[in-house]
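See structure below.
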Amino acid sequence: MLSRKNIRILVEIAISDFKVRYQSSILGYVWTLIKPLLLFAVLYVVFSVFMRFPVENYQLYLLLGVIIWNFFAEATSIALRCFETKQSLITKIYFPRIIVVIASTLTSLLTFLLNMIVFFVFLAISDIPFSFNFFFMIVYILELYFIILGVSLIISALYVKFRDLSHIWDVLLQIGFWITPIIYPLTMVPEVYHRFIYLNPLARLIEYSRAIFILGHIPSPVLNLVIFLMTVVIMFVGALFFKYQEASIPENI
Amino acid sequence: MNPAVKIENLSKIFRIPHEKRDTLKENILHFHRRVHTENFQALKNINLDIQPGEFVGIIGKNGSGKSTLLKIMANIYRPTSGEISINGTISPFLELGIGFNGDLSARENVYLNGIILGLSRKEIDKKYDAIVSFADLYDFMEMKLKNFSSGMQVRLAFAIAAMIDADIYLCDEVLAVGDIDFQKKSLGTFKDLKKKGKTVVLVSHDLDAIKGFCTKTILLEKGEIVKAGDTQEVVNYYLQRSDS
């Protein structure tokens, strides 16, 4: 799978995806930065000026949540349709189909990393001192990416058979946005619901990232093990499901 | 020597739902109603050996399974049953084209396809001029592919498929498109491939071309091989059958 040929194909498709995604818009790449920042700005005004959440450094808290959520929402929505957009390619020439999904999510990963730079600018001008704990975020970014890839493998293969999934996914993402502690602090949620919220790996990743940057500590090894296992399970299920569906994708698209 | 293509008892069945129930809503609302799927047997019990260096023609009426067979050889479709083994690298030219992305320029598409076919950027650099001059598209390489005419797209696609070094070339109806000049060029390419001893599988309705190149021909009818062997015999048999 990881032959040199396949890596070349992956890089080439990822680069062309990236070009195509932004070439026909005037501001091009700037949009990818503006979108989450605009959402952040609106939410910040509403929940920091109109209503007030008792959270220190709320702007960082909110921005991190929005950026992580936006990565998940955007990457999965685009990956969902990746075979439809690549139809002419996959019905004419053979290469491992998983490359299409990986290339699509990698393009979104790049957007996310640029958004993180914006976050670091905000972090630098805040009064939070630098800490080597920040580097632990690399682990969470990797876990986040593989969760997104695992989910994308499932929904992209399903979408080929059920076109309704694009609408269903939109609705699920809307719901997800509100049941994940993005704009509100978890402390405001009654304790009994916490275990339900923690079933959501994104809620965990968002909370743990905030712990690193804003609270200044790395979550306990047990918590890190739990999110690691969640990632492995999602990626494993995604890869297995995809392997099972892969052959029929060109026939059904 | 191992055959370049070995096909044993291969069948391909497409399941075609009578009322196409594609959306989840339809599946949920009508889950109790049985989906009437019609099994369309596109290929039935195909047995075929192609030796390295053979130039094989596939003829038959529309819908006889020629393109499906080629797509299975190209690993796009998987057979429903039976075995297929391919020995060597493949350069596919299926359904009037190769995998293009209309939003990329012609140049970028050449590189994208070359890389998927297993070349490195450097190797494509070397072939690039040959591809462009074969397709005769010097002035258009920076244009987006979606602005190409269909004839131009086919020319570029065939140029890539023909200029790439592969062991097995799969060609579906190259000769039906393009102007006279391009058809001549295509025939020239087939001559070259034959001279180089490449394995070629040619699907065509152009019986003169089939007779001119193919060392062996198979005739497909409703998904079955009804005759295979010497090109002249198979072509004559085909002509007789369609007369009667």
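The values are calculated or read from the model by the stated rules, or taken from the named source; none is laboratory data. Bear in mind the structure is a predicted one, so any value in this text is a computation, not a measurement. Cβ atoms come from the backbone with ideal geometry, glycine included; neighbour counts cover every protein chain shown. Heavy atoms of the whole protein, side chains included, go into the accessibility calculation; ligands, DNA and RNA do not. Shrake-Rupley method; radii C 1.70, N 1.55, O 1.52, S 1.80 Å.
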(request) Return the long-range amide H neighbours of B:GLU54 (sequence gap of 5 or more, or a different chain), with a cut-off of under 5 Å between placed amide H atoms. (result) B:VAL200
(request) Could you work out how far apart the two model spin labels at A:ILE117 and B:LEU24 are, taking each label as a point 7 Å from the Cα in the direction of the beta carbon, and quote it in nm? (result) 3.7 nm
(request) Please report the relative contact order for the stretch A:8-252, taking Cα pairs under 8 Å with a sequence separation of at least 6, and give it as a percent rounded to a whole number. (result) 28 percent
(message) Please compute the contact order of chain B in relative form: average sequence separation of alpha-carbon pairs under 8 Å and at least six residues apart, divided by the residue count, as a percent.
(response) 26 percent
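Evaluate E = 1/(1 + (r/R0)^6) for B:GLU224 and A:THR85, where r is the Cβ-Cβ distance and R0 equals 51 Å; express this FRET efficiency to the nearest 0.05. Don't skip to the answer; put the middle values down first.
Values: r = 37 Å, r/R0 = 0.72.
Here the calculated transfer efficiency is 0.90.
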(request) Please label the shape of the stretch A:32-162 as rounded, prolate or oblate, based on the square roots a ≥ b ≥ c of the eigenvalues of the alpha-carbon gyration tensor (a/c under 1.5 means rounded; beyond that, a/b larger than b/c means prolate, else oblate). (result) prolate
(request) Place a +1 charge on the Cβ of each Lys and Arg in the stretch A:8-252 and a -1 charge on the Cβ of each Asp and Glu, then give the dipole magnitude about the Cα centre in debye, rounded to the nearest 20. (result) 440 debye
(message) Only sites in a loop by DSSP and with at most 15 other Cβ atoms within 10 Å count here; which chymotrypsin sites (Phe, Trp or Tyr not before Pro) in the stretch A:25-132 make the cut?
(response) A:TYR29, A:PHE130
(request) Per residue of the stretch A:146-161, in order, report the coupling 6.51 cos²θ - 1.76 cosθ + 1.60 (Karplus, θ = phi - 60°) as ³J(HN,Hα) in whole Hz, putting x for Gly and Pro. (result) 6, 5, 4, 5, x, 5, 4, 4, 6, 6, 5, 6, 5, 4, 4, 8
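Could you grab the relative contact order for the stretch A:21-111? Cα pairs under 8 Å, six or more apart, rounded to a whole percent.
The normalised contact order for the stretch A:21-111 reaches 29 percent.
In the protein assembly as shown, how does Rg compare with the Kirkwood Rh, expressed as the Rg/Rh ratio over alpha carbon atoms? Walk me through the intermediate numbers first.
On the way: Rg = 27.4 Å, Rh = 25.8 Å.
That ratio equals 1.06.
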(message) At most 11 other C-beta atoms within 10 Å and a DSSP loop state: those are the exposed GluC sites (Glu not before Pro) I care about. Give me the longest piece of chain B that has none.
(response) B:20-141
(message) For peptide A:81-94, what's the mean number of Cβ atoms from other chains within 10 Å of each residue's Cβ?
(response) 5
(request) Extending each Cα 7 Å along its Cβ direction at B:ASP243 and A:ASN200, get the distance between those two points in nm, one decimal. (result) 7.5 nm
(request) Quick one: angle between helix A:98-125 and the longest Cα principal axis of chain A, in degrees between 0 and 90, rounded to 10, please. (result) 20 degrees
(request) Report the accessible surface area buried between chains A and B, summing both sides, using a 1.4 Å probe on protein heavy atoms only, in Å² rounded to the nearest 100. (result) 2700 Å²
(message) Output needed for the stretch B:35-152: three equivalent-ellipsoid semi-axes, defined as square roots of 5 times the C-alpha gyration tensor eigenvalues, in descending order, whole Å.
(response) 32, 19, 14
(message) Principal axis extents for chain A, Cα atoms only, whole Å, descending order, please.
(response) 56, 43, 36
(request) Restricting to the protein assembly as shown, compute how many DSSP beta bridges are antiparallel as a %, nearest 5. (result) 55 percent
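Which three numbers, in whole Å and largest first, are the semi-axes of the equivalent ellipsoid of chain B derived from its Cα gyration tensor as √(5λ)? Mind showing how you got there, number by number?
Numbers: eigenvalues 191, 136, 61 Å².
Three semi-axes, in Å: 31, 26, 17.
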(request) With the full set of protein chains in place, find how many percent of the accessible area of the protein assembly as shown is carbon and sulfur; take the probe as 1.4 Å. (result) 61 percent
(request) Kindly work out what percent of the DSSP beta bridges joining two residues of chain B are antiparallel, to the nearest 5. (result) 55 percent
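Accessible area per residue of the stretch A:90-239 at 1.4 Å probe, in Å²? Don't skip to the end; give the middle numbers.
Working: 6910 Å² over 150 residues.
Value for the stretch A:90-239: 46 Å² per residue.
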